[in-house]
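To keep things clear, I will list the structure first and then write my remarks on it.
The values are calculated or read from the model by the stated rules, or taken from the named source; none is laboratory data. Given the structure is predicted, the values throughout are model-derived calculations rather than measurements. Positions of Cβ are backbone-derived with ideal geometry, glycine not excepted, and every protein chain shown enters the neighbour counts.
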Amino acid sequence: MLLIECPYCGERPEPEFVYGGQAHVARPAQPSGTSAEEWTQFLYLRANPRGLHAERWRHTHGCGRFFNALRDTATDRFLATYRVGERVPQLPGGPA
Amino acid sequence: MTPFSALSLLKQGLGGQRGWKPQWRSPDPKGAYDAVIVGGGGHGLGTAYYLAKEHGLTNIAVLEKGWIGGGNTGRNTTIIRSNYLFAESAALYDHALKLWEGLSQELNYNTMFSARGVMMLAHTVHDAQVAQRHVHANRAAGVDNEWLTPAEAKAFCPPLNIGDIRYPVIGAALQRRGGTARHDAVAWGYARGADSLGVDILENCEVTGIRLGSDGAVEAVDTTRGRIRTPRVGVAAAGHSSVIMAMAGVALPLESYPLQALVSEPVKPVFPCVVMSNTIHAYISQSDKGELVIGAGTDAYTSYTQRGGLHIPSHALEAICELFPMFRRLKMLRNWGGIVDVSPDRSPIIGKTPVPGLYVNCGWGTGGFKATPGSAHVFAWTIAKDEPHPINAPFTLERFRDGDLIDEAAAAAVAH
């Protein structure tokens with residue numbers, strides 16, 4: 001079971017949270033001008049790296065708020081959690 | 001390869017079982033092959049076997065980063081069934097089931113396939129309606145599946161507690177042709193068969209790069225045992241498919257999750273079939289060694305660690321103890337995770353890729369073992385002919401762009 005540092009509430013056990021998948025996936029700004037390839041990218045293609053992954057979590061059974069995290073999927077270790085709207089913490093080997 | 005027979009078993013028995021030879025070679029990599037399969041699980045080894053056997057491609061190699069059958073082939077709950085909802089899936093999984101039925105004879109290797117029946121429980125009115133929808137769809141597609149009353153379910157599986165629980169059993173769908181097989185035997189049987197046809201099985205050989213030529217086609221793979229030139233690469237790397245395919249610049253619509261399972265201490269034969277419950281999330285069967293093999297769910301987050309949180313198997317065990325009170329005092333022996341590559345529509349991707357000479361067989365998610373022979377058979381066809389077999393033709397990478405999804409999220413027996 002993971003221990004997750006909610007940026008609002010502090011460290012809590014994993015069952016309090018819901019996983020929200022890859023972070024910073026932006027919906028195309030101009031839907032009508034978006035190609036099938038761009039929609040595929042937005043809807044279906046995910047980073048799925050073996051290594052640092054920027055991802056969303058929601059503290060459902062706590063403050064209820066979404067936040068982002070950087071986690072190493074090869075070890076499950078969290079390197080950082082940060083609030084929605086904040087920039088991705090710059091770590092070696094991490095997403096730009 | 002010396003074929004197994006009653007006579008050879010007797011002879012070895014009289015010799016104290018000391019005369020057995022290794023069943024496949026451990027060769028050094030050659031510098032070049034006509035085709036290379038990445039991934040030495042059941043799907044990859046089977047692909048090599050059918051490439052050699054049915055398509056005459058014998059100068060090929062299977063590259064495995066660890067030992068063969070040590071990934072998801074050795075980490076699943078060995079359940080085999082073909083009761084999927086859509087015609088495309090029913091055709092694919094039933095193709096596999098038909099191959100399972102003759103696989104031991106085909107390979108001259110006992111895969112211990114046992115058609116003991118797979119029973120999927122319904123606990124709510126909605127469950128029952130969905131299950132009956134599946135039964136009707138399967139029967140229309142020529143796949144056996146039947147609806148049982150609670151009493152019939154209890155008669156089929158006497159340890160089942162149908163009444164005195166929080167979610168009483170109100171019916172069940174039974175596929176009698178479904179069952180289990182021995183996971184190691186599948187990997188070893190295909191390895192032995194492929195090796196005898198000339199296929200090189202290269203263990204401890206991790207792919208570190210895929211090299212493309214100036215025309216954009218596959219030219220070679222880099223491995224921890226050196227560079228191997230080849231015009232064709234088939235990737236059957238399960239949870240690591242995204243990582244391997246990224247080496248050739250191909251992005252896949254996959255997310256890799258840990259899927260956990262566990263086994264109990266071995267006991268005498270007590271459990272006659274496979275039982276699965278979607279609503280309270282548990283599935284269980286008994287191996288021929290006597291262990292109860294129990295499947296839990298996926299962890300919530302993507303990961304490559306081959307382990308997960310204890311609350312996931314605990315949840316499955318709570319359901320098992322409700323359904324089968326006699327197992328409440330059993331001790332669990334081992335718990336592990338495998339990394340499963342889950343696609344958006346929970347159906348596999350088997351086919352060509354934008355890179356010429358590069359083929360992919362992935363996205364089996366939580367249910368790839370059952371498909372092993374069928375998956376390998378159609379993937380070998382795809383690689384040999386550079387076009388999909390009619391059975392895997394709908395399972396393209398392009399279906400996500402084109403909106404031709406085959407949505408089997410509800411077919412995964414349990415909600416992952």
message: If B:Val263 meets every condition in (1) surrounded by 22 or more Cβ atoms within 10 Å (Cβ to Cβ); (2) in a strand (DSSP E or B); (3) more than 14 Å from chain A (Cβ to nearest Cβ) apart from one, which number is that one?
response: (1)
- prompt: Got a number for residues in region B:61-101 being within 20 Å of B:Ser241 (Cβ to Cβ) and hydrophobic (A, V, I, L, M, F, W, C)?
  reply: 7
- prompt: Can you find a residue in region B:246-253 that is assigned to a helix (DSSP H, G or I) and more than 20 Å from the chain's Cα centre (by Cα)?
  reply: yes
task: Kindly indicate whether any position in region B:359-373 is among the small types (Gly, Ala, Ser), part of a helix (DSSP H, G or I) and closer than 28 Å to B:Ser104 by Cα.
output: yes
- line: Residues of region B:149-160 being closer than 11 Å to B:Leu121 by Cβ and either touching a helix residue (DSSP H, G or I) at 6+ places or on another chain (Cβ under 8 Å) or of a type in the set (Gly, Ala, Ser) (or both), in sequence order, are B:Ala153, B:Leu160
query: If we scan region A:32-47, do we find a residue that is surrounded by 14 or more Cβ atoms within 10 Å (Cβ to Cβ), at the interface with chain B (Cβ under 10 Å from one of its Cβ atoms) and under 13 Å from the mean Cα position of the chain (by Cα)?
result: yes
task: Identify all residues within region B:383-396 that are in contact with a strand residue (DSSP E or B) (Cβ under 6 Å, 6 or more places away or on another chain) and either buried (at least 24 other Cβ atoms within 10 Å of the Cβ) or assigned to a helix (DSSP H, G or I) (or both); write none if there are none.
output: B:Ile383, B:Asn392, B:Phe395
query: For region B:317-350, what are the residues that are touching a Leu at 6+ places or on another chain (Cβ under 6 Å) and without any contact (Cβ under 8 Å) to a residue 60 or more places away in the chain?
result: none
statement: B:Arg307: passes all of (1) charged (D, E, K, R); (2) in a strand (DSSP E or B); (3) modelled with pLDDT under 95 but (2)
query: Is there a residue being part of a strand (DSSP E or B) and under 21 Å from the mean Cα position of the chain (by Cα) anywhere in region B:234-242?
result: yes
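Restricting attention to region B:229-249, does a residue exist that is of a type outside the set (A, V, I, L, M), over 30 Å from B:Phe395 (Cα atoms) and buried (at least 21 other Cβ atoms within 10 Å of the Cβ)?
No.
Matching residues to (1) over 16 Å from the mean Cα position of the chain (by Cα); (2) closer than 30 Å to B:Val233 by Cα:
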| site | (1), (2) |
| --- | --- |
| B:Tyr283 | no, no |
| B:Ile320 | yes, no |
| B:Lys352 | yes, yes |
| B:Leu358 | yes, yes |
| B:Ser375 | no, yes |
task: Might you let me know whether region B:326-340 holds any residue that is over 24 Å from A:Thr73 (Cα atoms), buried (at least 16 other Cβ atoms within 10 Å of the Cβ), at pLDDT 95 or above and of a type in the set (Gly, Ala, Ser)?
output: no
task: Would you please name the residue that is surrounded by the most Cβ atoms within 10 Å (Cβ to Cβ), looking only at residues in region B:342-366 that are of a type in the set (Val, Ile, Thr) and farther than 17 Å from A:Leu45 by Cβ?
output: B:Ile350
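Condition check ((1) at pLDDT 95 or above; (2) closer than 26 Å to B:Val355 by Cα) across all residues:
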position	(1), (2)
B:Cys157	yes, no
B:Tyr167	no, no
B:Ala173	yes, no
B:Ala181	yes, no
B:Leu202	yes, yes
B:Asp222	yes, yes
B:Pro231	yes, yes
